[in-house]
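Heads up, the thing below is written out as structure tokens.
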Amino acid sequence: MAAVQWRSSGRSYDAELQRCRPEFAPVEFGDYHPLKAITVTDSKTRRGARKGSTSSSCSSSSSSVPPDPLSSLMDGTDPLSMFAAAETPAITHSVSAGDLGRKKREKEEEAVGADFEPWSLRRGEILARFTTTEKLSINLFMGSDRGKDPSPGSSAVSEKVRTRLEELDDLEEGSQRELLNLSQQDYANRIEELNQSLKEAWSSDQKVKALKIVIQCSKLLSDTSVIQFYPSKFVLITDILDTFGRLVFDRIWTMCSDPRTLPESFTVDDVNDTAKETCLNWFFKIASIRELLPRLYVEAAILKCNRFLNKSGIQETLPRLTAMIRGIGDPLVAAYARAYLCRVGIEVAPQLKDSLNRNFFDLLGSLRQISSESVQNQLVLQRVEVPEYLTLYSPAINWILQCIAYRAPEPLLMEMMERCKKLGNNALLLNSVMRAFRAEFVAARATDFIGMIKDCDEAGFPKHLLFGSLGRSVACADPPEPERLTILNEAWKVVTKVRSPQDYINCAEIWVEFTCRHFTKREVNTVLADIIKHMTPDRAFEDAYPQLQSVIRKVLTYFHDFSVLFSMERFLPFLDMFQKDSVRVEVCRSIMEVFIKHQVEPTRDPVILNAMLHICKTMHDSVNALTLEDEKRSLSLLIIGFIRMVSFGRDFEQQLSFCVEARASFCNLEAVLVQLIHTVNTLAMETSSVMRGSHSRKTAAFVRACAAYSFITVPSLSSIFSRLSLYLLSGQVALANQCLSQADAFLKAAVSLLPEVPRSISVEGKLRSSESFLLDFINNFLSTLLVVPDHPEHGVLYLVRGLLNMVQDYTWEESGDAKVRVYISALPLLAAMSQETYLYSIPKVDSNETLYGGDPKFLSEINKLCETLIGQVLDHLKTLGRDEQSARRQAAMAFSLFGVLLAHGDLRNNKLSQLFVNLWNLSHKHGHCETRVSVRTLEFLKHQSQQADMSHLSEAVQRLALQTRT
Amino acid sequence: MSVTLDIRLKRANKVYHEGEVVAGVILLVCKEALQHHGISLSMEGLVNLQLSSKSVGVFEAFYNSVKPIQLISSNIEVAKAGKIPGGRTEIPFEFPLTTKGNKVLYETYHGVFVNIQYMLRCDMKRSLLAKDLSRSCEFIVHSQPQKAKVVRTPVSFTITPDTLQNSKERSTLPKFLVRGNLDATNCVISQPLTGEVVVENSDVPIKSIELQLVRVETCGCAEGYARDATEIQNIQIAEGDVCHGLPIPIYMVFPRLFICPTLETTNFKVEFEVNVVMMLHDDHLITENFPLKLCRV
């Protein structure tokens, strides 16, 4: 075994570097350079294209600039933009028959413009807002329409009519189904069921049944029991009506598109007779519906079908239906019927504004009905307060006003306002006006509006709602500058008097935005203080977390300067109101997100630091055993973001003490601790660079303190690899700062940690072998060891031996070569150590080269170590040779040892040279060596042997035979 | 072996006027060739009169007058006995819609006691073993437009407890005042009945206001007749306690088939009326009746 004698080849690193440096070939300017040419033309074309093309596709028209090889290859237009260009007209002009209905609908929404808030948005809002816990009932009386049938009990009815009648009776068996005691959810489900059965009936060609379902549903709208639920009921039922309208329209549409699809802008002349007749039939059928409300709703639902019959149909129908609504006695039912009519009207014929206005004026006329006896009786019966009742109107009136106000000229809006004024400033109307009219319009007249609100009588509509609506408008549009403060004062005077905390916060939340937008921290602070005052009694804040959160969000959108934000006295107390953990963390998180996004410069402001620490601590404290990994990661990221923003400039000690504090605060989040260690290491290096490498006594002590910080922080991490790498990194930092004993301690700690490395670790949730990570680390570690001077009290190469011992004792995977690979990679280190001057060194740190000064004892010590290692490797190679399967591994190991010998061994030594040749042969024995690598290695050897003082190689080269392929 | 027989008229709405030609096709769809003993097509227009049960006993004397009156009748042979090839066969036909003598083609009308109906009937005779096939199809006749100009004759009305005829209850009635007007009582059938009604005031809330369209059918002759009024349709125009002083539109589309221009012949009469019916919350029913004269222009 001891047959091998190691001699490291002496290296002159400088000379090698000189040799390896490529010949200097100056590049003249103006020379053709392929990369350069491309970048230049590329930027040119891009600029040209951007300038030239007004279309949305930006990669077109580059063909005009010939030099760009890429674009000329594409022949001017790249396929993507061509495709995009081809698609746009395709969408607008030809509509495939399949998704005809959908496209049509999209089209219509377009007709009104994107800035028109569509009904679909309102829908959900209404459903969420108007709820009830009372029991509802659905009264479906499917057979009821028999009475309306034109010729009851006649024997002379035509056969067709009779069969149809029978069919109807069969369908529902004249059933009056009354479903009682439905909860709100049940009710919605029932309605949805009806919607489904409508579709089914339609698709199974039972058109009459479909119509009956629709009639029955719209009849439900005349029922105002459980009045709080009425708006939601309206939403649910009009969904069915919409479905029906769509079905009818699409059916007639397909009847006309027999030979070819009807164009989007078809006229009456394009419609064939059969389709017209069918359409007419529908209208006759609907005209004979007995009850007013269903007749109205169903006709409105198929309003669009008028286009099949004549040009002016819609234009004539809308005013007629508008007038028809006057027949509805209940003002609420009428208001919603108007809303539906407006909705259908603006969808089908947005240009017909007149009937919208008519609707509104009629509505104004009928508002006095609210105080009529029958309505009042009903309210008493249902135990509904007037203010609550009035709010039920808002969705309908808002919608109508929105339709009217949409792109309406200013004078019209003024006229509307005047009309409202005339009606004694009806609060309900005023509210809707503020909601529906353009925010700019309202904001410009905010003072007027405040006056009007004040004039409203207190009994009806709650004033805080009015101020809420006003607040919404002034928050999105700016009222005139000089009035702003008065507006805020006037509004807040009312808001602050609102008794119910829920009402208060709903209103205050809206006004916070206005305050933040136009005023300084002083006013915002006052507002926050007021909110705290209102919400604290009886822990009212517990029910208002969403609103309070929104307050914070609004403040954060307008105040990005955190020194200002935290100097608001009431901001932190405001945060204290979030006492439910999940909400509190949510709020802290949103603050942190804003901080990270908007805090550009590092800060040392004690106000910010304190507050942020407090916030981060809150987030950190929410972490417990049940916290998800992802949650932890995102929290850590936020906290890290904060830590990176803290800088005390040249006051390094302050920074370190901040890190100490942070460590105490965030001990549960590992990622944060890792970041802290990095911060402290950076701090040490910064100190060093400030001192230009030579520490004074004071800075030396500080740097040692940094090292100590890292040293005691690292063990608290649980991930073994972050511990290892941080030990190594901190060791390097300590070395760089001439803290030798600290560096020693770090490296020693790393070495003694090695046995604890588990065989497998989980990476992204999957269990992986840790071997490759460990090998990487050890190689990294080895390269550091070159510059670590030996400890005077310990033996020569104490750390290297220690590491190798650990490697020896580590329980490697049975079937792997990892251990031997470590041995092989330790050889270059040892070879490097035996050089007279080392490849690299750390300024102001004496490495072993100077300590030992090339002492032969030291060298022989190294050589002995190498021999042991090579012996180990050879032993391993022997065991590998025992069976066939491991032959490939044997060849690979042998070849890598061969490589190390070639690079670092002194091959003038006979024995080593013999081993060299043997290894070559061993690696080629079973033909597992890659021929290309072998050939190149041989070429390299030949090249090397021609160098001066390398002639000994040529002899060895002759003995290396390339394996011929058989 | 299945075969379907159908009559398809050329006009989608199946409406014809006197003097026009009723054209269409007989559609035969069968899988295999079909043997038959002749296909014939007939057109017939009939007035069916019927006596209401309450007047049956009284008027048996002039039973004659209740016999169906034939307005038009003609028959053609479409195909002689033979074979029809499998698949879809269309046989076009045309009937001139003209009457013999001085008979008038009344407009199609489906009523209770009077029915005016025009039918096409196609019969296919087949061998003894197979059933004869028959298919009939109604088509609609609209009478010739009236030459004279329609005088619309609008009416306005006021309803108060004092204007009511039933004087017994007058004292128990609550106070109310309803004004209104109909734009025309001489109505054109294809145009809706329009008008307005305004509830000026009412002590008792109103439950509902409805328009009731009524037909008045008279059968008989000079010796005696039966006159019956029945409802055609009822349309609600106001529901609940409507806003006082606000005009509520009266609007009713005349239904098809169940309506025809007002008709007066020697044997029968068809007339129409409209009732404005107001229901009060205390279940008082107040009706105002307006005879209508319908015509076609």
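Read-outs throughout are calculated quantities, based only on the coordinates presented, and are distinct from any laboratory measurement. On a predicted model such as this, the values are computed, not experimentally measured, just so you know. Using ideal geometry, Cβ is built from the backbone for each residue, glycine included, and neighbour counts are taken over all protein chains shown.
Placing a label point 7 Å from the Cα of B:H37 along the Cα-to-Cβ direction, the residues of region B:116-142 whose backbone N falls under 13 Å of that point are B:124-133.
Add +1 for every Lys or Arg and -1 for every Asp or Glu among the other residues with Cβ under 15 Å from the Cβ of A:T322, and state the total. It would help to have the intermediate numbers written out before the result.
On the way: positive: A:R295, A:R320, A:R326, A:R338, A:R343, A:K353, A:R358; negative: A:E299, A:E316, A:D354, A:D362, B:E196.
For residues surrounding A:T322, the net value is +2.
The mean sequence separation of alpha-carbon pairs under 8 Å and at least six residues apart, normalised by the residue count of region A:494-540, gives a relative contact order of 42 percent.
Shape class for region A:382-491: oblate, because the ratio a/c of the largest to smallest gyration tensor axis (alpha-carbon atoms, square roots of eigenvalues) is 1.5 or more and b/c is at least a/b.
Counting neighbouring beta carbons within 10 Å and listing from fewest to most, the residues A:R697, A:R539, A:R888 come out as A:R697, A:R539, A:R888.
Which percent, to the nearest 5, of DSSP beta bridges fully inside the protein assembly as shown are antiparallel?
Antiparallel: roughly 95 percent of the beta bridges in the protein assembly as shown.
Counted by neighbouring Cβ atoms within 10 Å, the residues A:C659, A:C706, A:C866 run from fewest to most as A:C659, A:C866, A:C706. Between B:R88 and A:A128, the simple label model (points 7 Å from Cα in the Cβ direction) yields a spacing of 5.5 nm.
Length gained on full extension, A:E764 to A:Q351: 142.8 nm, using 0.36 nm per residue less the C-alpha separation.
I want the local charge near A:N195. Using Cβ-Cβ distances under 11 Å, sum +1 for each Lys or Arg and -1 for each Asp or Glu among the other residues.
Local charge sum for A:N195: -3.
Let's see if you can work this out: charge +1 on each Lys and Arg Cβ, -1 on each Asp and Glu Cβ, no other charges. What is the dipole magnitude of region A:287-387 about its Cα centre, in debye to the nearest 20?
Working: 13 positive and 9 negative charges, 64 e Å.
Dipole size: approximately 300 debye.
Run the simple label-point estimate for A:S945 and A:A625 please: 7 Å along Cα→C-beta, distance reported in nm. That separation, rounded to one decimal, is 7.0 nm. Remark: for residue pairs A:K748/A:K878; A:K422/A:K463; A:K276/B:K10, the C-alpha separation exceeds 23 Å in A:K748/A:K878.
How much net charge surrounds A:V583 when only other residues with a Cβ under 13 Å from its Cβ are counted (Lys, Arg +1; Asp, Glu -1)? Write out the running numbers ahead of the final one.
Working: positive: A:R553, A:K580, A:R584, A:R589; negative: A:E542, A:D543, A:D576, A:D581, A:E586.
Neighbour charge sum, excluding A:V583 itself: -1.
Taking a ≥ b ≥ c as the square roots of the eigenvalues of the Cα gyration tensor, region A:863-957 is classed as oblate, since a/c reaches at least 1.5 and a/b does not exceed b/c. Projected onto the charge dipole of the protein assembly as shown (+1 at Lys/Arg Cβ, -1 at Asp/Glu Cβ, origin at the Cα centre), which of A:V498, A:S647, A:V208 gives the Cα projection farthest towards the positive end? Of the candidates, A:V208 comes out farthest on the positive side. For the protein assembly as shown, a simple Cβ point-charge model (Lys and Arg +1, Asp and Glu -1, everything else neutral) yields a dipole of about 1700 debye relative to the Cα centre.
For A:I720, A:I778, which order do you get if you count the other beta carbons within 10 Å of each Cβ and list the fewest first? Mind dumping the intermediate values first?
Numbers: A:I720 18, A:I778 24.
If I rank by nearby Cβ atoms, fewest first, I get A:I720, A:I778.
Take the Cβ atoms of A:F266 and B:R179, set R0 to 51 Å, and the FRET efficiency comes out at 0.70.
Using a Förster distance of 45 angstrom, determine the FRET efficiency expected from the C-beta separation of B:L164 and A:K454, and round it to 0.05. Please report the intermediate quantities before stating the final value.
On the way: r = 51 Å, r/R0 = 1.14.
The pair B:L164/A:K454 has a calculated efficiency of 0.30.
Between A:D581 and A:S550, the simple spin-label model (points 7 angstrom out along Cα→Cβ) gives 2.8 nm.
Which shape class, rounded, prolate or oblate, goes with region A:756-836 when its Cα gyration tensor gives a ≥ b ≥ c as root eigenvalues, a/c under 1.5 marks rounded, and past that a/b bigger than b/c marks prolate? Don't jump to the answer; show the numbers that get you there.
Working: a/c = 2.22, a/b = 2.13, b/c = 1.04.
Verdict is prolate for region A:756-836.
Residues whose amide H lies under 5 Å from that of B:Y251, counting only those 5 or more places away or on a different chain, are absent; hydrogens are built 1.01 Å from N in the peptide plane. State the answer as a single residue: which of A:N189, B:M119, B:T153 lies farthest towards the positive end of the charge dipole of the protein assembly as shown, with beta carbon charges of +1 for Lys and Arg and -1 for Asp and Glu, about the Cα centre. The one lying farthest along the dipole's positive direction is B:M119.
Compute the semi-axes of the equivalent ellipsoid of the protein assembly as shown, taking the square root of 5 times each eigenvalue of the Cα gyration tensor, and list them largest first in whole Å.
Working: eigenvalues 1788, 427, 144 Å².
Over the Cα atoms of the protein assembly as shown, the semi-axes work out to 95, 46, 27 Å.
Dipole orientation for the protein assembly as shown: of the candidates A:G471, A:A287, A:L656, A:A287 has the Cα lying most toward the positive pole (charges on Cβ; Lys, Arg +1; Asp, Glu -1). Under Stokes-Einstein, with the Kirkwood radius over Cα pairs as Rh, the value for region A:817-866 at 25 °C and 0.890 mPa s is 208 µm²/s. Put a plus charge on the Cβ of each Lys and Arg, a minus charge on the Cβ of each Asp and Glu, and nothing anywhere else: the dipole of region B:151-285 about its Cα centre is then about 240 debye. Let's test the formula: R0 of 30 Å, r as the Cβ-Cβ distance of B:N75 and B:S2. What FRET efficiency results, to the nearest 0.05? About 0.65, to the nearest 0.05.
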